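Structure, as structure tokens:
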Amino acid sequence: MPRSLWEALRRAHPGTGDDALARACVERGRRALGEDGLRAEFARRTAAALLLRTELLDARGRAREAAARERASYERHLALEREVVPPIRARARELRAAIAGAEADLRARGLDPDAVAPPMPVDALSVDQEPPRYRTPEERRRRAVEFFRRVGGP
């Protein structure tokens, strides 16, 4: 420290010895450095918290969009089940009845229907949906809860 500053400091603190004044200067400098470090650390942690908040808000937005897309997908699937599948099932029943009638006509004439044409696979006209099979009632409950959580049901 330049001599003139030291003299000014001694004049500002009369009655304080040189050793005590030097210790006070060093202590004040250390405290100032510590406060600067704390300020910098506070700024870093505040920035990190803001980044995490931004990431959280982005993730919540993406999750909301994904839930909306999933709900739309389920609604579309249910609409197709209501609108498209019943007429197809009715047509399949008609075709199965026509095939059964043609086979009955052939049998009435004494012919074997299997010898006339290649047999039609049993599942060729099958559009009936089979209900899901659950191993336990708990599994059924768990899957129902998962479904309603996804679609926001009751």
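The values are calculated or read from the model by the stated rules, or taken from the named source; none is laboratory data. Just so you know, these numbers come straight off a predicted model, no measurement behind them. So basically every Cβ, Gly included, is an ideal-geometry build from the backbone, and we count neighbours across all protein chains shown.
General observations
- Any chance residue 45 is surrounded by 10 or more Cβ atoms within 10 Å (Cβ to Cβ), outside the structural domain of residue 151 (by TED's automatic domain parsing), within 30 Å of residue 147 (Cβ to Cβ) and modelled with pLDDT of 85 or more: no
- Condition met for residue 62 (at pLDDT 90 or above and in a helix (DSSP H, G or I)): yes
- Verdict on residue 100 being more than 22 Å from residue 151 (Cα to Cα), assigned by TED's automatic domain parsing to the domain that holds residue 148 and in contact with an Asp or Glu (Cβ under 9 Å, 6 or more places away or on another chain): no
- Near pairs, Cβ below 8 angstrom, 6+ apart or cross-chain, from the stretch 99-112 (outside any loop (DSSP other than H, G, I, E, B)) to any residue that is charged (D, E, K, R) and surrounded by fewer than 11 Cβ atoms within 10 Å (Cβ to Cβ): 106/112
- Residue within the stretch 20-28 that is without any contact (Cβ under 8 Å) to a residue 40 or more places away in the chain and outside any helix (DSSP H, G or I) present: no
- Test: residue in the stretch 53-73 that is in contact (Cβ under 8 Å) with a residue 40 or more places away in the chain and not hydrophobic (A, V, I, L, M, F, W, C): yes
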